[in-house]
Amino acid sequence: MRELTEIDGNPLLDPGLRPRYADIRPEHVEPAVRRIISEQSAQLDALSTAQNPDVAWLAALEAVYEAVNHVWSPVSHLNAVNSSGELRDAYNSCIPLITNFYTDLGQNRALYDRFATLRDNGDATDPVVRQIVRLGLRDFELAGVALEGTARERYKAVMQGLAECQAKFEQNLMDATDAFTHHALSEHEIADIPADIVERAAEFAREKQLDGWLLRLDPPTYQAVMTHASDGNIRETFYRAWNTRASDAGPNAGEWDNGPLIEEILALRREAAELLGFESYAEQSIATKMAKSTDEVVEFLRDLASRSKDFAIEELSRLERLADEPLQPWDIAYFSEQLKESELGLSDEALRPYFPLDGVLKGLFELAERLFEIELVEQTYEQCWNDTVRYYSLRKANGEEIGGLFTDFFARPNKRGGAWMDVCSNHSALGKTRQLPIAHLVCNFSAPFGETPSLLTHNDVVTLFHEFGHSIHHLLTEVEWPSLAGINGVAWDAVELPSQFLENFAYLPEVLDSIGRHYESNESLPPEVMQKLQRSRTFLAGLAMVRQLEFGLFDFLLHSAEDKQSLAQVHALMDKVRNEVAVIYPPQYNRFANSFSHIFAGGYAAGYYSYKWAEVLAADSFAAFQEAGHFDRKTAQHFRASILAVGGSQDAIDAFVAFRGRTPRLEPLLEQSGILPQDINAA
Ligand SMILES: [Zn+2]
């Protein structure tokens, strides 16, 4: 790649807080990354020889992390939301540079020794600093600082290989998802699929000079087909396409196949764990988690499974009675929706007009204001990565700006699936000026179409609340050290606490009243619909529970294996786990693992159980609001101060105990899912 002649014009090197996304070109990426790494490596060399490491020394080290993050965070963000050919190439070409930088940093003994000095000399009395030192020492050890000679070199190569394989896994999945289209020619095939999806498919067909409808495999289309298409054949077509993405089976068999990558990723993780002296990758994963042992995790998952499986079996038989025939996996979502309509009188699609995205956002921001006395104000920002992206300034009641939020809501090609929050900038009060935290909130909702605004299902609303929960965790931090601010340094199995906590509010009548307004008439949701939505929390909750447990247990057992796993063994383990906890058994061609990017490309490896683990914390936290009143300011302030504000500066269990006054209890989650009867006295 050619060097830019004028490197100072490189937008990635602009010191401004908000990235100049619109100006960033693929050719800016590598020069900026090389330059920042070379500058900051020199800085690390200087820090490695410091004689008397103190708090200022530690702050200088944090500035190094921040400087690299300032360049790399926008690049990896763009790679997730606009992963086009050249940008992706530029991103890929920098993975080795970034991985090397962090592995070298993690294995830097001079820095490690200085952390040990800081621990031992007792000067650092600030508890936050002590936590940085403690977690820092742990992370050096987990990065192989103690390794010698060939083991040290090998560890580095393993990290390198892992970073490349994980990136490739995600890219294969994105390409495989984007590549599939289904050309429907008869009305029968598209019957009962929501109109906006059908219209979009007709337009896409016209663009390609085809008759009929051309349907993509983007998340809104996939969901719509599986939930609403009355033609079982088209559901099966989509089920097969979705569940064989990036594999050796299905419509694009062998193209973008993640199978070999799965074997390689598992082998590399196992090798890394072994080099560090762990029995398995799962054991290594637990070293940074709230859970204390691998046994505790497996017991936790199995306990929940044994409590919920009978519920799931009973729910499945209700579905079968309705369908009046044995159900195939591609029938489940469809008949679940039918059952919801017949038992609860609730229809996802009928409710959509009540949840226009803008109205939901307005209501969500009002909730944030009510609970936490904060305000989100939309601001024009010319430098976004897509026309639909918006920027909000986060302010205290007195108008003081404390953070910012980018939103990117709509599904489109070259964008990673799912929904997530990630960090744009970290809060830091170490420099001369305070650096405000900024978050990216990304979803894959249906875009506005023609005159119709983006209309959400209630499930989308819950997703939005979830990601907004992560966002406020990041933004309402009061930790002055970036490495422990917001979600940083929080044990991964506790990080889903604020997100799943906030989901609870999406079911409350008072909240539904403000977020659920018909986009044309401004009518609010009828009270009986609100009650039905509340009841929908426990509707088929057993099936939902065992499905999550299936993923969690598969992931954890897979990473607990002490020897090399072939792809056949991976799929066999999936079958075994299903036999244990699931009640729905997919066809032979199902290759779910090939698209399980949470664990093969993301940070949930031997950590998918975190969703359920943190859901216990979230449900128990919300129970405090049920006791005190859902909008009780004092409880909200207490939650904010004990959980949201402290980030990683306190251990997750201590933060929880500070809020609740006791250790977590499982019962609130079981009550919330209908597995235990609800406490009728709760408000
Ligand atoms: Zn989450």
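The values are calculated or read from the model by the stated rules, or taken from the named source; none is laboratory data. Predicted model, so just to flag it, every value in this text is computed and none were measured. All Cβ positions, glycine included, derive from the backbone under ideal geometry; neighbour counts span all protein chains shown.
Structural remarks
- Residue match in the range 480-488 (condition: modelled with pLDDT of 95 or more, buried (at least 22 other Cβ atoms within 10 Å of the Cβ), within 16 Å of the ligand (Cβ to nearest atom) and of a type in the set (Ser, Thr, Tyr)): no
- One residue alone among HIS474, HIS470, HIS518 is under 24 Å from GLN338 (Cα atoms) and either within 16 Å of the ligand (Cβ to nearest atom) or not hydrophobic (A, V, I, L, M, F, W, C) (or both), and that residue is HIS518.
- The residue pairs whose first member lies in the range 559-571 and is within 17 Å of TYR608 (Cα to Cα) and of a type outside the set (A, V, I, L, M), whose second member is part of a loop (DSSP other than H, G, I, E, B) and at pLDDT 95 or above, and whose beta carbons are closer than 7 Å, counting only pairs six or more residues apart or on different chains, are HIS559/SER280; HIS559/ALA605; HIS559/ALA606; SER560/SER280.
- Listed by first and then second residue, the pairs linking a residue in the range 482-509 that is within 15 Å of VAL462 (Cβ to Cβ) and assigned to a helix (DSSP H, G or I) to a residue that is more than 12 Å from the ligand (Cβ to nearest atom) and of a type outside the set (A, V, I, L, M, F, W, C), with Cβ atoms under 7 Å apart and 6 or more places separating them unless they lie on different chains, are PHE501/SER621; TYR507/GLN534; TYR507/ARG537.
- Helices (runs of 4 or more DSSP H) completely within the range 209-306 that count 1 or more residues being of a type in the set (S, T, N, Q): 219-228, 232-243, 281-286
- Residues that are farther than 24 Å from GLY489 by Cβ, polar (S, T, N, Q) and assigned to a loop (DSSP other than H, G, I, E, B), drawn from the range 645-679: SER673, GLN678
- Restricting attention to the range 490-515, the residues being more than 16 Å from the ligand (Cβ to nearest atom) and either under 14 Å from the mean Cα position of the chain (by Cα) or small (Gly, Ala, Ser) (or both) number 1.
- Unique residue being free of Cβ contacts under 8 Å to residues at least 12 places away in the same chain and of a type in the set (A, V, I, L, M) when the list is ALA350, ALA411, ALA397: ALA350
- In the set (1) under 22 Å from the mean Cα position of the chain (by Cα); (2) touching a residue at least 60 places away in the same chain (Cβ under 8 Å); (3) surrounded by fewer than 16 Cβ atoms within 10 Å (Cβ to Cβ); (4) within 23 Å of PHE204 (Cβ to Cβ), the condition left unmet by THR388 is number (2).
- If you go through the range 584-632 and keep only what is of a type in the set (Gly, Ala, Ser), more than 25 Å from GLU170 (Cα to Cα) and outside any helix (DSSP H, G or I), you end up with just GLY629.
- Residue check for GLU148: closer than 24 Å to LEU97 by Cα and either surrounded by fewer than 15 Cβ atoms within 10 Å (Cβ to Cβ) or modelled with pLDDT under 95 (or both): yes
- Single unsatisfied condition, GLU375 versus (1) buried (at least 16 other Cβ atoms within 10 Å of the Cβ); (2) in a helix (DSSP H, G or I): (2)
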